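The values are calculated or read from the model by the stated rules, or taken from the named source; none is laboratory data. Only a predicted model underlies this, so the values are computations on that prediction, with no experimental measurement involved. Cβ atoms come from the backbone with ideal geometry, glycine included; neighbour counts cover every protein chain shown. SASA here: full protein model, heavy atoms, side chains in, ligands and nucleic acids out. Shrake-Rupley method; radii C 1.70, N 1.55, O 1.52, S 1.80 Å.
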Amino acid sequence: MPVKNGQLPQEILPQTRARPALEADRLYLGMREADFAAYTRVHAWSALEQSAHLQRKAAMAMLYLPGGEALHLPDGPAVTAQGTFVRAFFERGRLSGLQLFPNFGEGGLTLKDLQRLGRAWFPDERLQLRYQMLPEDATHQVVEAILGRIPTVFTDLTGRTSLPFQSLVLEP
């Protein structure tokens, strides 16, 4: 029933619970490609590669070197996004997953660092983390890691070593 100017509604309008707007300065799976590009510009990520042959079936991949931004966890110290290269995967213009592999020029990435970085990048999401690590490595350096989901057209870019992937779930 339409409400005319100056007339109070007779019925109580249904209320819905609104979620707060997502912050523009953090990552989330499903974010638009343009928003991800804005995030990378603000945090000084360097784009290293975008191959034309990777743009197939409405999917795209971009390789980045993170800018070393300091991310804050609510229950711990700041986490610095460094020691890794990041390949972002998009499907139909939305972020579907990240592939991380070590940048040994910046010290690489340990499993503990990877977990803290994943939690800092995606603080409100339940994330599946898959990673490869040498079993005899006492420092727990990560060889490759995947946060989220990789589109099937890009499976040839993942798992280039013969190491098995291990899996765990990061809770918010």
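Numbers for the structure displayed
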quantity	calculated
At R0 = 22 Å, FRET efficiency that the Cβ-Cβ distance of Leu157 and Ala47 yields, to 0.05	0.85
Surface accessible to a 1.4 Å probe, per residue, for the residues of region 48-134, Å²	46
